[in-house]
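This report refers to the structure that appears directly beneath it.
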Amino acid sequence: MSGCKRFFILTLGCPKNLVDSERIAGALSSLGHSIVFSPHEADMIILNTCAFISAAEDEAKEYIDRFSKEKPLLVVGCLPARRKGLKRRYGDTAPEAETVIQLSDAIFRDPEAGTRLIDTAPYAYLKIAEGCSRRCSFCVIPRIRGRLRSRRIEDIVSEARALIELGKREVIIVAQDTSQFGRDTGESLEKLLVEIDRLEGDFWLRLMYLHPVGLTRRLALTLRSLDHLVPYLHMPVQHVSDRVLRAMLRAGGLKAVRRAIGLIERYLPDAFLRTEIMVGFPEETEDDFKLVISAIESGLFRRVAVFPFFREKGSPAYKMPQIPAHIIDSRYQEAAQAARGLHERVQGSLVGNELRVIVDEPGLGRTEYDAPEVDFSVAVPEGLEPGSLCSARIIGVDEEGDLMAEISPDPSSF
(Lines give C-alpha, C1' and ligand atoms only; values in the text may rest on other atoms or scores of the structure.)
Protein backbone atom coordinates (compact mmCIF):
# COMPACT_ATOMS: atom_id res chain seq x y z
CA MET A 1 0.00 0.00 0.00
CA SER A 2 1.42 3.36 -0.99
CA GLY A 3 1.63 5.95 1.81
CA CYS A 4 -0.14 5.82 5.15
CA LYS A 5 -3.76 4.82 4.81
CA ARG A 6 -6.63 4.98 7.27
CA PHE A 7 -8.65 1.80 6.91
CA PHE A 8 -12.00 0.63 8.24
CA ILE A 9 -12.63 -3.10 8.34
CA LEU A 10 -16.05 -4.68 8.68
CA THR A 11 -16.34 -8.37 9.48
CA LEU A 12 -19.32 -10.46 8.44
CA GLY A 13 -19.99 -14.04 9.51
CA CYS A 14 -18.53 -16.15 12.26
CA PRO A 15 -15.83 -15.59 14.91
CA LYS A 16 -13.31 -17.35 12.67
CA ASN A 17 -13.67 -14.46 10.22
CA LEU A 18 -13.17 -12.03 13.10
CA VAL A 19 -9.77 -13.58 13.83
CA ASP A 20 -8.84 -13.16 10.15
CA SER A 21 -9.84 -9.48 10.27
CA GLU A 22 -7.76 -8.98 13.40
CA ARG A 23 -4.77 -10.48 11.61
CA ILE A 24 -5.25 -8.26 8.56
CA ALA A 25 -5.67 -5.19 10.78
CA GLY A 26 -2.61 -6.10 12.84
CA ALA A 27 -0.44 -6.63 9.79
CA LEU A 28 -1.57 -3.34 8.20
CA SER A 29 -0.97 -1.45 11.45
CA SER A 30 2.55 -2.89 11.69
CA LEU A 31 3.18 -1.43 8.21
CA GLY A 32 2.25 2.04 9.42
CA HIS A 33 -1.38 2.22 8.41
CA SER A 34 -4.04 3.19 10.95
CA ILE A 35 -7.38 1.62 11.74
CA VAL A 36 -10.45 3.83 12.16
CA PHE A 37 -13.85 2.78 13.41
CA SER A 38 -16.11 4.58 10.97
CA PRO A 39 -16.20 4.15 7.20
CA HIS A 40 -16.60 7.92 6.88
CA GLU A 41 -13.14 8.48 8.41
CA ALA A 42 -11.41 5.91 6.23
CA ASP A 43 -9.32 6.24 3.09
CA MET A 44 -10.42 2.75 2.17
CA ILE A 45 -12.87 0.13 3.38
CA ILE A 46 -12.06 -3.56 3.82
CA LEU A 47 -15.06 -5.90 3.83
CA ASN A 48 -14.31 -9.38 5.19
CA THR A 49 -17.14 -11.53 3.91
CA CYS A 50 -18.95 -14.77 4.68
CA ALA A 51 -20.30 -17.09 1.99
CA PHE A 52 -21.43 -20.09 4.00
CA ILE A 53 -25.04 -19.70 2.86
CA SER A 54 -26.79 -17.63 0.21
CA ALA A 55 -28.23 -15.30 2.85
CA ALA A 56 -24.66 -14.45 3.94
CA GLU A 57 -23.76 -13.74 0.31
CA ASP A 58 -26.78 -11.47 -0.02
CA GLU A 59 -25.77 -9.56 3.11
CA ALA A 60 -22.23 -9.13 1.80
CA LYS A 61 -23.47 -7.89 -1.58
CA GLU A 62 -25.67 -5.30 0.14
CA TYR A 63 -22.59 -3.92 1.92
CA ILE A 64 -20.63 -4.03 -1.33
CA ASP A 65 -23.30 -1.98 -3.11
CA ARG A 66 -23.31 0.55 -0.26
CA PHE A 67 -19.59 0.88 0.41
CA SER A 68 -18.46 0.87 -3.23
CA LYS A 69 -20.34 4.13 -3.71
CA GLU A 70 -18.57 5.79 -0.76
CA LYS A 71 -14.87 4.84 -0.67
CA PRO A 72 -12.32 2.56 -2.32
CA LEU A 73 -13.50 -0.90 -1.36
CA LEU A 74 -11.50 -4.11 -0.91
CA VAL A 75 -13.55 -7.31 -0.64
CA VAL A 76 -11.76 -10.21 1.06
CA GLY A 77 -12.70 -13.44 2.82
CA CYS A 78 -15.00 -16.23 1.77
CA LEU A 79 -17.11 -14.48 -0.87
CA PRO A 80 -14.30 -13.57 -3.32
CA ALA A 81 -12.78 -17.00 -2.70
CA ARG A 82 -16.07 -18.52 -3.85
CA ARG A 83 -16.97 -15.92 -6.49
CA LYS A 84 -13.75 -15.14 -8.33
CA GLY A 85 -15.34 -12.33 -10.30
CA LEU A 86 -15.78 -10.28 -7.15
CA LYS A 87 -12.07 -10.41 -6.42
CA ARG A 88 -11.25 -9.16 -9.91
CA ARG A 89 -13.81 -6.40 -9.64
CA TYR A 90 -13.03 -5.02 -6.19
CA GLY A 91 -9.39 -4.26 -5.64
CA ASP A 92 -7.02 -6.21 -7.84
CA THR A 93 -6.11 -3.26 -10.04
CA ALA A 94 -5.72 -0.65 -7.26
CA PRO A 95 -2.18 -0.20 -5.87
CA GLU A 96 -3.34 -0.08 -2.26
CA ALA A 97 -5.24 -3.33 -2.74
CA GLU A 98 -2.19 -5.46 -3.34
CA THR A 99 -1.09 -5.72 0.28
CA VAL A 100 -4.57 -6.45 1.61
CA ILE A 101 -5.29 -9.08 -1.04
CA GLN A 102 -1.95 -10.74 -0.34
CA LEU A 103 -2.64 -10.73 3.40
CA SER A 104 -6.10 -12.21 2.91
CA ASP A 105 -4.79 -14.91 0.60
CA ALA A 106 -1.98 -15.71 3.04
CA ILE A 107 -4.46 -16.20 5.88
CA PHE A 108 -6.40 -18.70 3.76
CA ARG A 109 -3.16 -20.62 3.11
CA ASP A 110 -1.53 -20.22 6.52
CA PRO A 111 -3.46 -19.81 9.77
CA GLU A 112 -0.35 -18.22 11.36
CA ALA A 113 -0.24 -15.33 8.88
CA GLY A 114 -0.46 -11.80 10.26
CA THR A 115 -0.06 -10.12 13.63
CA ARG A 116 -3.39 -9.66 15.39
CA LEU A 117 -4.78 -6.27 16.35
CA ILE A 118 -6.90 -7.11 19.39
CA ASP A 119 -9.99 -5.10 20.36
CA THR A 120 -10.98 -4.05 23.87
CA ALA A 121 -13.43 -6.89 24.57
CA PRO A 122 -12.49 -8.98 27.63
CA TYR A 123 -12.63 -12.14 25.52
CA ALA A 124 -10.74 -13.25 22.43
CA TYR A 125 -11.22 -16.00 19.88
CA LEU A 126 -8.24 -18.29 19.32
CA LYS A 127 -8.32 -20.03 15.94
CA ILE A 128 -6.39 -23.30 16.07
CA ALA A 129 -6.78 -24.49 12.48
CA GLU A 130 -7.88 -23.41 9.03
CA GLY A 131 -10.00 -25.34 6.55
CA CYS A 132 -11.88 -28.61 6.94
CA SER A 133 -11.35 -32.12 5.58
CA ARG A 134 -14.90 -33.32 6.18
CA ARG A 135 -17.37 -33.44 3.31
CA CYS A 136 -20.82 -32.66 4.74
CA SER A 137 -23.19 -32.60 1.79
CA PHE A 138 -24.75 -29.24 2.68
CA CYS A 139 -21.45 -27.40 3.18
CA VAL A 140 -19.19 -25.49 0.78
CA ILE A 141 -16.55 -24.48 3.33
CA PRO A 142 -13.96 -27.08 2.15
CA ARG A 143 -14.29 -25.65 -1.37
CA ILE A 144 -13.73 -22.14 -0.03
CA ARG A 145 -11.23 -22.64 2.77
CA GLY A 146 -9.53 -25.82 1.64
CA ARG A 147 -8.49 -28.88 3.61
CA LEU A 148 -7.54 -28.92 7.29
CA ARG A 149 -4.36 -27.04 8.18
CA SER A 150 -3.64 -27.18 11.91
CA ARG A 151 -1.43 -24.67 13.66
CA ARG A 152 1.48 -25.86 15.79
CA ILE A 153 0.74 -26.23 19.49
CA GLU A 154 3.67 -24.05 20.56
CA ASP A 155 2.43 -21.19 18.38
CA ILE A 156 -1.13 -21.44 19.66
CA VAL A 157 -0.03 -21.57 23.30
CA SER A 158 2.23 -18.58 22.72
CA GLU A 159 -0.70 -16.61 21.30
CA ALA A 160 -2.95 -17.70 24.18
CA ARG A 161 -0.32 -16.54 26.66
CA ALA A 162 -0.09 -13.17 24.91
CA LEU A 163 -3.87 -12.75 24.99
CA ILE A 164 -3.99 -13.46 28.72
CA GLU A 165 -1.10 -11.07 29.37
CA LEU A 166 -3.03 -8.41 27.42
CA GLY A 167 -5.85 -8.81 29.93
CA LYS A 168 -8.22 -11.16 28.13
CA ARG A 169 -10.29 -13.03 30.70
CA GLU A 170 -11.80 -15.54 28.32
CA VAL A 171 -10.08 -17.51 25.54
CA ILE A 172 -12.50 -19.11 23.08
CA ILE A 173 -11.16 -21.98 20.96
CA VAL A 174 -12.51 -21.99 17.38
CA ALA A 175 -11.89 -23.70 14.04
CA GLN A 176 -14.07 -25.07 11.28
CA ASP A 177 -14.01 -28.29 13.32
CA THR A 178 -11.93 -28.18 16.50
CA SER A 179 -12.05 -31.97 16.87
CA GLN A 180 -9.95 -32.35 13.70
CA PHE A 181 -7.07 -30.40 15.20
CA GLY A 182 -3.70 -32.08 14.78
CA ARG A 183 -4.78 -34.85 12.43
CA ASP A 184 -2.52 -33.40 9.73
CA THR A 185 0.43 -32.64 12.03
CA GLY A 186 0.48 -35.55 14.46
CA GLU A 187 -0.48 -33.35 17.41
CA SER A 188 -3.71 -33.56 19.42
CA LEU A 189 -6.47 -31.36 20.75
CA GLU A 190 -6.06 -32.96 24.19
CA LYS A 191 -2.43 -31.90 24.44
CA LEU A 192 -3.22 -28.40 23.19
CA LEU A 193 -5.96 -27.86 25.77
CA VAL A 194 -3.76 -29.13 28.61
CA GLU A 195 -0.98 -26.76 27.58
CA ILE A 196 -3.32 -23.76 27.47
CA ASP A 197 -4.86 -24.75 30.80
CA ARG A 198 -1.40 -24.66 32.38
CA LEU A 199 -0.94 -20.97 31.58
CA GLU A 200 -0.90 -18.62 34.54
CA GLY A 201 -3.77 -16.23 35.07
CA ASP A 202 -7.42 -16.02 36.03
CA PHE A 203 -9.20 -16.77 32.78
CA TRP A 204 -11.97 -18.85 31.25
CA LEU A 205 -11.42 -21.38 28.48
CA ARG A 206 -14.32 -22.15 26.13
CA LEU A 207 -14.41 -24.84 23.42
CA MET A 208 -16.56 -24.39 20.33
CA TYR A 209 -17.23 -26.11 16.96
CA LEU A 210 -16.72 -29.66 18.19
CA HIS A 211 -17.93 -32.41 15.82
CA PRO A 212 -19.78 -35.25 17.64
CA VAL A 213 -17.57 -37.94 16.12
CA GLY A 214 -14.52 -36.16 17.55
CA LEU A 215 -15.70 -36.28 21.16
CA THR A 216 -13.91 -39.38 22.38
CA ARG A 217 -13.58 -40.77 25.89
CA ARG A 218 -9.99 -39.53 25.95
CA LEU A 219 -11.08 -36.00 25.07
CA ALA A 220 -13.95 -36.09 27.59
CA LEU A 221 -11.53 -37.14 30.34
CA THR A 222 -9.16 -34.35 29.34
CA LEU A 223 -11.97 -31.79 29.42
CA ARG A 224 -12.97 -32.95 32.90
CA SER A 225 -9.41 -32.40 34.12
CA LEU A 226 -9.07 -28.77 32.96
CA ASP A 227 -9.17 -26.06 35.62
CA HIS A 228 -10.04 -23.14 33.33
CA LEU A 229 -12.66 -24.80 31.12
CA VAL A 230 -16.16 -23.42 31.63
CA PRO A 231 -19.02 -25.98 31.88
CA TYR A 232 -20.12 -25.38 28.30
CA LEU A 233 -19.54 -27.25 25.05
CA HIS A 234 -20.55 -26.17 21.56
CA MET A 235 -21.25 -29.27 19.48
CA PRO A 236 -23.32 -28.80 16.29
CA VAL A 237 -25.23 -32.05 15.64
CA GLN A 238 -27.21 -30.72 12.61
CA HIS A 239 -29.94 -33.37 12.99
CA VAL A 240 -31.08 -36.32 15.11
CA SER A 241 -32.44 -38.61 12.40
CA ASP A 242 -29.86 -41.18 11.33
CA ARG A 243 -31.35 -41.27 7.84
CA VAL A 244 -30.94 -37.51 7.45
CA LEU A 245 -27.47 -37.52 9.00
CA ARG A 246 -26.37 -40.16 6.48
CA ALA A 247 -27.73 -38.02 3.64
CA MET A 248 -25.84 -35.07 5.12
CA LEU A 249 -22.67 -37.23 5.06
CA ARG A 250 -22.16 -36.42 8.72
CA ALA A 251 -19.35 -38.64 9.97
CA GLY A 252 -20.52 -41.17 12.55
CA GLY A 253 -24.22 -40.46 12.02
CA LEU A 254 -26.62 -40.73 14.93
CA LYS A 255 -24.38 -43.25 16.68
CA ALA A 256 -21.70 -40.57 17.07
CA VAL A 257 -24.24 -38.05 18.38
CA ARG A 258 -25.58 -40.49 20.97
CA ARG A 259 -22.10 -41.54 22.04
CA ALA A 260 -20.96 -37.91 22.40
CA ILE A 261 -24.00 -36.99 24.49
CA GLY A 262 -23.44 -40.07 26.64
CA LEU A 263 -19.82 -39.07 27.26
CA ILE A 264 -20.88 -35.56 28.23
CA GLU A 265 -23.52 -36.89 30.63
CA ARG A 266 -20.98 -39.26 32.20
CA TYR A 267 -17.87 -37.11 32.42
CA LEU A 268 -19.19 -33.53 32.17
CA PRO A 269 -22.65 -33.72 33.75
CA ASP A 270 -22.73 -30.02 34.69
CA ALA A 271 -21.89 -28.77 31.20
CA PHE A 272 -24.39 -26.83 29.13
CA LEU A 273 -24.42 -28.32 25.64
CA ARG A 274 -25.03 -25.86 22.81
CA THR A 275 -25.94 -27.22 19.39
CA GLU A 276 -27.17 -26.24 15.95
CA ILE A 277 -29.94 -28.14 14.19
CA MET A 278 -30.93 -27.81 10.53
CA VAL A 279 -34.49 -28.41 9.36
CA GLY A 280 -35.78 -28.93 5.83
CA PHE A 281 -32.80 -30.87 4.50
CA PRO A 282 -33.66 -32.66 1.21
CA GLU A 283 -35.98 -35.62 1.74
CA GLU A 284 -36.46 -34.91 5.45
CA THR A 285 -39.77 -36.57 6.29
CA GLU A 286 -42.36 -35.49 8.80
CA ASP A 287 -41.20 -38.33 11.06
CA ASP A 288 -37.60 -37.09 10.79
CA PHE A 289 -38.76 -33.62 11.76
CA LYS A 290 -40.73 -34.95 14.74
CA LEU A 291 -37.47 -36.42 16.04
CA VAL A 292 -35.99 -32.92 15.97
CA ILE A 293 -38.86 -31.45 17.98
CA SER A 294 -38.67 -34.31 20.47
CA ALA A 295 -34.91 -33.84 20.90
CA ILE A 296 -35.27 -30.11 21.50
CA GLU A 297 -38.10 -30.52 23.99
CA SER A 298 -36.31 -33.33 25.85
CA GLY A 299 -33.70 -30.99 27.29
CA LEU A 300 -30.76 -33.01 25.96
CA PHE A 301 -29.37 -29.65 24.84
CA ARG A 302 -29.42 -26.47 26.93
CA ARG A 303 -28.82 -24.06 24.07
CA VAL A 304 -30.26 -24.72 20.59
CA ALA A 305 -29.93 -22.65 17.44
CA VAL A 306 -32.26 -23.73 14.61
CA PHE A 307 -31.51 -23.03 10.96
CA PRO A 308 -33.50 -23.71 7.80
CA PHE A 309 -31.71 -25.61 5.04
CA PHE A 310 -30.20 -23.38 2.37
CA ARG A 311 -29.58 -24.86 -1.06
CA GLU A 312 -25.98 -23.96 -1.86
CA LYS A 313 -24.51 -24.26 -5.34
CA GLY A 314 -21.42 -26.42 -5.31
CA SER A 315 -22.65 -28.62 -2.48
CA PRO A 316 -23.82 -32.23 -3.08
CA ALA A 317 -27.15 -31.37 -1.47
CA TYR A 318 -27.85 -28.85 -4.22
CA LYS A 319 -28.68 -31.68 -6.63
CA MET A 320 -30.87 -33.65 -4.22
CA PRO A 321 -34.69 -33.59 -4.42
CA GLN A 322 -35.73 -30.48 -2.53
CA ILE A 323 -38.47 -29.89 0.02
CA PRO A 324 -40.87 -27.03 -0.88
CA ALA A 325 -39.86 -23.70 0.65
CA HIS A 326 -43.16 -23.26 2.51
CA ILE A 327 -42.67 -26.60 4.30
CA ILE A 328 -39.09 -25.68 5.26
CA ASP A 329 -40.32 -22.36 6.64
CA SER A 330 -43.14 -24.02 8.58
CA ARG A 331 -40.76 -26.53 10.13
CA TYR A 332 -38.26 -23.81 10.95
CA GLN A 333 -40.92 -21.75 12.74
CA GLU A 334 -42.09 -24.75 14.76
CA ALA A 335 -38.55 -25.81 15.71
CA ALA A 336 -37.58 -22.26 16.62
CA GLN A 337 -40.66 -22.05 18.88
CA ALA A 338 -39.65 -25.32 20.55
CA ALA A 339 -36.17 -23.89 21.12
CA ARG A 340 -37.66 -20.75 22.70
CA GLY A 341 -39.71 -22.93 25.03
CA LEU A 342 -36.60 -24.89 25.98
CA HIS A 343 -34.68 -21.70 26.72
CA GLU A 344 -37.50 -20.37 28.88
CA ARG A 345 -37.33 -23.52 31.01
CA VAL A 346 -33.53 -23.58 31.18
CA GLN A 347 -33.19 -19.89 32.03
CA GLY A 348 -35.96 -20.12 34.62
CA SER A 349 -34.15 -23.01 36.29
CA LEU A 350 -31.16 -20.73 36.91
CA VAL A 351 -33.10 -18.33 39.12
CA GLY A 352 -31.84 -18.57 42.68
CA ASN A 353 -28.48 -20.03 41.65
CA GLU A 354 -25.09 -18.48 42.32
CA LEU A 355 -23.21 -18.35 39.01
CA ARG A 356 -19.90 -17.12 37.70
CA VAL A 357 -20.24 -14.06 35.48
CA ILE A 358 -17.86 -12.14 33.23
CA VAL A 359 -18.54 -8.44 32.55
CA ASP A 360 -18.31 -7.70 28.81
CA GLU A 361 -19.23 -4.00 28.94
CA PRO A 362 -20.74 -1.57 31.45
CA GLY A 363 -24.05 -2.99 32.62
CA LEU A 364 -23.77 -6.22 30.67
CA GLY A 365 -22.20 -9.59 31.38
CA ARG A 366 -22.51 -13.31 30.65
CA THR A 367 -22.62 -16.45 32.74
CA GLU A 368 -20.16 -19.25 32.13
CA TYR A 369 -23.03 -20.99 30.30
CA ASP A 370 -23.12 -18.35 27.57
CA ALA A 371 -20.77 -17.59 24.67
CA PRO A 372 -20.51 -14.00 23.38
CA GLU A 373 -23.21 -12.79 20.98
CA VAL A 374 -24.81 -16.19 20.34
CA ASP A 375 -26.25 -16.93 23.79
CA PHE A 376 -27.79 -14.94 26.65
CA SER A 377 -26.58 -12.05 28.80
CA VAL A 378 -26.85 -10.86 32.41
CA ALA A 379 -27.69 -7.36 33.58
CA VAL A 380 -24.97 -6.22 36.02
CA PRO A 381 -24.28 -2.93 37.86
CA GLU A 382 -22.91 -0.20 35.59
CA GLY A 383 -19.91 0.38 37.84
CA LEU A 384 -18.29 -2.99 37.21
CA GLU A 385 -15.25 -2.85 34.95
CA PRO A 386 -15.29 -4.89 31.72
CA GLY A 387 -13.30 -8.03 32.33
CA SER A 388 -14.40 -8.37 35.94
CA LEU A 389 -15.09 -11.94 37.00
CA CYS A 390 -17.90 -11.97 39.54
CA SER A 391 -20.13 -14.20 41.58
CA ALA A 392 -23.79 -13.43 40.88
CA ARG A 393 -27.07 -14.60 42.34
CA ILE A 394 -29.69 -14.90 39.57
CA ILE A 395 -32.92 -13.18 40.63
CA GLY A 396 -34.97 -13.10 37.43
CA VAL A 397 -35.36 -13.58 33.68
CA ASP A 398 -36.59 -10.98 31.19
CA GLU A 399 -38.80 -11.56 28.14
CA GLU A 400 -35.78 -12.22 25.92
CA GLY A 401 -34.38 -14.88 28.22
CA ASP A 402 -31.59 -12.69 29.55
CA LEU A 403 -30.89 -12.83 33.27
CA MET A 404 -31.04 -10.33 36.11
CA ALA A 405 -28.62 -10.75 38.99
CA GLU A 406 -27.37 -9.50 42.32
CA ILE A 407 -23.59 -9.22 42.34
CA SER A 408 -21.49 -10.32 45.30
CA PRO A 409 -20.28 -7.37 47.46
CA ASP A 410 -16.75 -8.29 46.40
CA PRO A 411 -16.82 -8.20 42.57
CA SER A 412 -13.52 -10.06 42.42
CA SER A 413 -15.01 -13.09 44.19
CA PHE A 414 -15.10 -16.09 41.93
note = Out of (1) at pLDDT 95 or above; (2) open to solvent by 20 Å² or more (accessible area, probe 1.4 Å); (3) within 16 Å of residue 231 (Cβ to Cβ); (4) not basic (Lys, Arg), the one residue 351 does not meet is (3)
ask   = Any idea how many residues of the range 369-378 are open to solvent by 20 Å² or more (accessible area, probe 1.4 Å), modelled with pLDDT of 95 or more and charged (D, E, K, R)?
value = 1
Considering residues of the range 177-189 that are outside any helix (DSSP H, G or I) and buried (at least 22 other Cβ atoms within 10 Å of the Cβ) only, the residue farthest from the chain's Cα centre (by Cα) = 181
ask   = How many of the residues making up the range 134-157 are closer than 18 Å to residue 105 by Cβ and outside any loop (DSSP other than H, G, I, E, B)?
value = 6
query = When residue 51 is evaluated against the numbered criteria (1) buried (at least 18 other Cβ atoms within 10 Å of the Cβ); (2) at pLDDT 85 or above, which criterion, by number, is the only one it fails?
reply = (2)
request  = Spot the failing condition for residue 126; the list is (1) assigned to a helix (DSSP H, G or I); (2) open to solvent by less than 10 Å² (accessible area, probe 1.4 Å), and only one is missed.
outcome  = (1)
ask   = residue 381 passes all but one of (1) open to solvent by 60 Å² or more (accessible area, probe 1.4 Å); (2) modelled with pLDDT of 95 or more; which number fails?
value = (2)
inquiry  = Considering only the range 199-219, I want to know if a residue exists there that is open to solvent by 10 Å² or more (accessible area, probe 1.4 Å), closer than 16 Å to residue 296 by Cα and under 23 Å from the mean Cα position of the chain (by Cα).
reply    = no
inquiry  = From the list 143, 169, exactly one residue is at pLDDT 95 or above and over 23 Å from residue 219 (Cβ atoms). Which is it?
reply    = 169
request  = Filter the range 302-331 down to the residues that are part of a helix (DSSP H, G or I) and open to solvent by less than 40 Å² (accessible area, probe 1.4 Å), then identify the one that is nearest to residue 246 (Cα to Cα).
outcome  = 317
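The values are calculated or read from the model by the stated rules, or taken from the named source; none is laboratory data. This is a predicted model, so every value here is computed, not measured. Please note: Cβ atoms are built from the backbone with ideal geometry, for glycine as well, and neighbour counts cover all protein chains shown. Surface accessibility is based on the protein's heavy atoms, side chains included, excluding ligands, DNA and RNA. Shrake-Rupley method; radii C 1.70, N 1.55, O 1.52, S 1.80 Å.
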